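J.: Encoded as structure tokens, here's the structure I'll be asking about.
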Amino acid sequence: MTPTAPWQGEMASAPDALSIRDLDVAYRVRGKVRQVLRGLSFQVGRGESYGLVGESGCGKSTVALAIVRYLARNGRVRAGRILLDGRDLLALGEADLRKLRATAVSMVYQDPGRALNPSLRVGAQVAEVFRLQGMPQAEALDRAAAMLARVQIADPSSVMGRYPHQLSGGMQQRVAIAMALAINPKLLILDEPTTGLDATVEAEVLDLIARLRGEFATSILFISHNLAVIARMCDRVGVLYAGLLVEEGGTRELFDNPRHPYTVGLLRCLPRRGRRKDHGRLDTIPGLLPPPGADIAGCVFAERCAHADEYCRAVEPPLYDLGGRASRCHYHERAPDLPRATPSDPAAPIAVDREERPVLRTQRLAKTFAAGGHAVHALSAISLELWSGETLGLVGESGSGKTTLARLLLGLIEADGGSVIELDGGQLPAAIDRRTPDQVKALQIVFQNPDSALNRSHTVRHLIGRALAKLARVPAPQQLERLLAFTRAVRLADRYLAVRPRQLSGGLKQRVAIARAFAGEPRIVVCDEPTSALDVSVQAAILNLLADLQATRRVSYVFISHDLGTVRYISDRIAVLYLGRLMELGPAEQVFRGPHHPYTEALLSAVPSLDGSVTERIRLKGDIPSAIRPPSGCVFHTRCPRKLGSICEDQEPPLIEAEAGHAIRCHIQARDLQRERPAPMPAEAPAS
Amino acid sequence: MSTLRAIPRRLLLSLITLWILSVIVFIGAQLLPGDVGRAILGPLADPRAVANLNHELGVDRPLLVQYWSWISHFATGDMGMSYTMRAPIAPFIATALGNSLKLAAVAFVLVVPLAIFGGVIAALNVGRPLDRIITVLGLSATVVPEFVSGIVLILIFGVWLRVLPINANWPPDAGPLTQVYYLLLPSLPLFLVLFGYIARMARAGTVEALDADYTRTAVLKGLPPRTVLWRHVLRNALLPTITVIATQVGYLIGGLVVVEVLFHYQGIGSLIYVAARSKDFPTLEAGVLTVGIIYTVATLAADVLTSMLNPRVRLGAAA
């Protein structure tokens, strides 16, 4: 790095808000230097919102942390320059750096609950920013309250007196944004600011950021794995792969007409434009991200690219300037024609016969928890049917009862008296320890986090073999044969059999978990956010696998996800839950197309879309109410944008069939629920 | 779940613990070999006199009756009569407890600030030589028993350097400062035992807090390092340490037998020790049970203190 005086920069014209030049960052891990960013260059213009996308491990967060100079202890900037408003950040001394952080750059990141100090009141934490500017305490508190009002916190003075844990996730993130914007920074870095929040809350936070961007003259660096969020929020996008910027361009043209095979692949992995499993498989990106620090000759993406040839593997492509946009691909003009990695050939759709007896049926399924002397009504009177070979998607915000329902079905928790669960027409005992081995075998689960579901000290062979022995009671001599049949069915190479889970990637672990769940030839598999922790390319492969297994084995799924695009892709029917009540139940297409329950409508309108079309958002007031004291009448009336009047407060509406097989729990007539304007259909889904 | 709401339950559990302790102590005392009257009157006394004395003391009654009579009196503050001193036990216990508290207080005042300071310094230099030195020294000191460290300290400070008195008993009419001076050497072994323990907790808490997202938030606000450390890091880092410290109060008062005996100090530990040697069962039982009560109360107080300091526990989750 050439030494540069702090204020010596691009002084000729007004400098970019952020300019990164040839940035090399490496982490030292067990004595080895692992390069994470390789000669990264990009600029964020004044007032611009620049998005950085890429899958986990590509170096997104390292960029953010390098800019604020908060790299982990073992991380080091080895070369390059970072100019913030023309000032060379890397040349700043401690005092100047502090001053810069206090005046020019702020950052908001994932998990606001952890970003706020748990033992300081919210007011004190926000006021601290103003105190640092030399304001007296009283004035700082006034300014803090004003700032909280600007991030649309309804009652700032009461929120100021609370501790972070007393606020909802959305409120916490508003507070974090208020603190970040309090200094009116030149650059605001947002690192996955809405990841982990509910879709409705995410939409609110994104609305807020978009609005504040107009109010404050701030430039934004927006980092996310979620392409749709980037599409909604950013003017320009950079696609990061293995620490390299592989493509850059205006958001619209880059997403509509990608010119790098990686971007092409990422976009194809998403279940977009209402794509469903019977339309064919999702495309995938084969292979894995090269490990950090890998020595790569030629193109970093060559290993996974269908276009790659000897030239790609030998000569590293430069960032070709394509006029206002750039691609690091020798064959950028051919990128959109990238052959599919996974053939589409739609699996022969299973004919689900809803005349026959459902494989699973619940009647008045309810669960009340006792918590601190209160009764918490987690789930009330859920009556559902699930037929052989179909997928029932469960959607709803956190706290809606999705996971409780799954656990009740599995018998992991016991349903309240009066609840009925039937398997193949026979009553299923509520608790798992009173179910017969065959009944236990019939209902299996795949969790969100395969790490916690798989015993770390056992090999893959042992994990699946044990499930075969326990669930399928396969005698030892035939076990290996069956084991291999299963691992091949989940497309797990034989060489992984001797490996322990920690040596596997997230996607491979989820395959092991799926093989384990299928070992006993279950009738029903509950999938609880099975792809939420996975990158989009891996998610696509898992969704394909689930669809294939369903087509060949006629298994039924209860599929829980907060990602509506995924739910739409895999589900035949969808159940919408709110505060433990079934608000809507119907065929997937009809639930998405409408007429909708007002809550479903709000959920759908919250999903950002990749084509950048902004549908009119339906905003829900406030947070999901407490299940200890659910609202009277219709539980949704406190937040409903289409509340009729006192009838909603007094009477719980029945679940009425709006059309054949499509029921909605609302006092509004079905024909009035279909709005005049085009229904806010998420044409495309987020990448999460 | 609020811990505060669980206090009545904890209180009940503490009472049960103490009751079990009283039974164990009582039975244990019965199991010690030897006849009480014989032990008091000596091997040459007339068997009839021994029997008379046993009757007088009530030790010839059924065990259950003896236990009930002892525990019901104890509950009202009547600890009974000492066999050897032929006087009510309560005043002895009170005096001894007062002395033990003084010793514990001196040790406490020395160890707590220094151990926290050491732990925080280690955390701020995590992985560097200073961290290793503090951690390793603290750990080594913790595993050395008090009678070993005590003797070494007596040799160094009392015999070779002659800077500290090796007998903890201060002269009559000594002022508070003189008393502290006499208690310095006895409190050092306790210091060594506790230092490593508390420092480790402080270090672990600080390391965790330094890595926390909220600390990053504070640094990125541009706050000066001192503000980050005091307002953001330590406030969260030391909560678990405070719990550990409060729990150690029980040890400091109850675990002083070795140190008190070693330094000839008239605390509750040496009272128990002397009572055990002279088969003075009522004093032994009263002493052990008193220590048990103090231990239990200290632990309970530690829990309540932690709940009060932690807003997440104190205020519960969002409504």
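Every number here is computed from the coordinates shown, using simple stated rules; none is lab data. Only a predicted model underlies this, so the values are computations on that prediction, with no experimental measurement involved. Cβ placement follows ideal geometry from the backbone for every residue including glycine, while neighbour counts extend to all protein chains displayed.
J.: Is it the case that B:Asp213 is over 28 Å from B:Ile133 (Cβ atoms), of a type in the set (Asp, Glu), facing chain A (nearest Cβ under 10 Å) and without any contact (Cβ under 8 Å) to a residue 24 or more places away in the chain?
T.: Taking the combined requirement at face value, the residue satisfies it.
J.: Another question, then. Restricting attention to segment A:159-180, does a residue exist that is more than 19 Å from A:Ser49 (Cβ to Cβ), touching a strand residue (DSSP E or B) at 6+ places or on another chain (Cβ under 8 Å), surrounded by 22 or more Cβ atoms within 10 Å (Cβ to Cβ) and within 13 Å of chain B (Cβ to nearest Cβ)?
T.: yes
J.: Look through segment A:151-169, keep the residues that are in contact (Cβ under 8 Å) with a residue 12 or more places away in the chain and part of a loop (DSSP other than H, G, I, E, B), and return whichever of them is nearest to the chain's Cα centre (by Cα).
T.: Looking at residues that are in contact (Cβ under 8 Å) with a residue 12 or more places away in the chain and part of a loop (DSSP other than H, G, I, E, B), I get A:Ser168.
J.: Okay, moving on. For segment A:129-150, indicate whether the set of residues that are within 13 Å of chain B (Cβ to nearest Cβ), in a loop (DSSP other than H, G, I, E, B) and over 21 Å from B:Arg231 (Cα atoms) is non-empty.
T.: no
J.: Return only the number of the condition from (1) of a type outside the set (Gly, Ala, Ser); (2) free of Cβ contacts under 8 Å to residues at least 60 places away in the same chain; (3) out of contact with any helix residue (DSSP H, G or I) (no Cβ under 6 Å at 6 or more places or on another chain); (4) buried (at least 23 other Cβ atoms within 10 Å of the Cβ) that B:Tyr251 does not satisfy.
T.: Going through the list (1) of a type outside the set (Gly, Ala, Ser); (2) free of Cβ contacts under 8 Å to residues at least 60 places away in the same chain; (3) out of contact with any helix residue (DSSP H, G or I) (no Cβ under 6 Å at 6 or more places or on another chain); (4) buried (at least 23 other Cβ atoms within 10 Å of the Cβ), B:Tyr251 breaks only (4).
J.: List the helices (runs of 4 or more DSSP H) that sit entirely inside segment A:373-462 and contain at least 1 residues that are of a type in the set (Gly, Ala, Ser) and in contact with a helix residue (DSSP H, G or I) (Cβ under 8 Å, 6 or more places away or on another chain).
T.: Output list reads A:450-453.
J.: Being over 18 Å from the mean Cα position of the chain (by Cα) and among the aliphatic types (A, V, I, L, M) is the filter; apply it to segment A:213-238 and report the residue that is farthest from A:Asp85 (Cα to Cα).
T.: A:Val237
J.: Out of segment A:569-583, which residues are under 15 Å from A:Ser398 (Cβ atoms) and either in contact with a Phe, Trp or Tyr (Cβ under 8 Å, 6 or more places away or on another chain) or surrounded by fewer than 24 Cβ atoms within 10 Å (Cβ to Cβ) (or both)?
T.: Within segment A:569-583, A:Val576, A:Tyr578, A:Leu579 meet the criteria.
J.: Now for a separate question. Taking segment A:74-101, which residues are charged (D, E, K, R), within 14 Å of chain B (Cβ to nearest Cβ) and either closer than 25 Å to A:Gln35 by Cα or surrounded by 21 or more Cβ atoms within 10 Å (Cβ to Cβ) (or both)?
T.: Passing the criteria: only A:Arg101.
J.: Taking segment A:243-257, which residues are closer than 19 Å to A:Asp22 by Cβ and either of a type outside the set (A, V, I, L, M, F, W, C) or touching a Phe, Trp or Tyr at 6+ places or on another chain (Cβ under 8 Å) (or both)? Explain how you work it out, then say what you get.
T.: Pass one, segment A:243-257, residues closer than 19 Å to A:Asp22 by Cβ: A:243-248.
A:Gly243, A:Leu245, A:Val246, A:Glu247, A:Glu248, listed by residue number.
J.: Filter segment A:377-412 down to the residues that are farther than 22 Å from A:Pro654 by Cα and surrounded by fewer than 17 Cβ atoms within 10 Å (Cβ to Cβ), then identify the one that is nearest to the chain's Cα centre (by Cα).
T.: This residue is A:Ser398.
J.: Could you tell me which numbered condition B:Arg226 fails, if it satisfies all but one of (1) closer than 27 Å to A:Ile189 by Cβ; (2) within 11 Å of another protein chain (Cβ to nearest Cβ)?
T.: (2)
J.: Could you give every pair whose Cβ atoms fall below 8 Å, whose first residue belongs to segment B:102-130 and is more than 14 Å from chain A (Cβ to nearest Cβ) and closer than 29 Å to B:Gly175 by Cβ, and whose second residue is buried (at least 23 other Cβ atoms within 10 Å of the Cβ) and acidic (Asp, Glu), counting only separations of at least 6 or pairs across chains?
T.: Listed pairs, sorted by first residue: B:Leu103/B:Glu260.
J.: On to the next question. Looking for something buried (at least 20 other Cβ atoms within 10 Å of the Cβ), among the aliphatic types (A, V, I, L, M) and within 30 Å of A:Leu405 (Cβ to Cβ) - is there at least one such residue anywhere in segment A:481-496?
T.: yes
J.: Also: May I ask you to list the residues in segment A:102-126 that are over 17 Å from A:Arg143 (Cβ atoms), within 7 Å of chain B (Cβ to nearest Cβ), among the small types (Gly, Ala, Ser) and in a helix (DSSP H, G or I)?
T.: The one that is over 17 Å from A:Arg143 (Cβ atoms), within 7 Å of chain B (Cβ to nearest Cβ), among the small types (Gly, Ala, Ser) and in a helix (DSSP H, G or I): A:Ala115.
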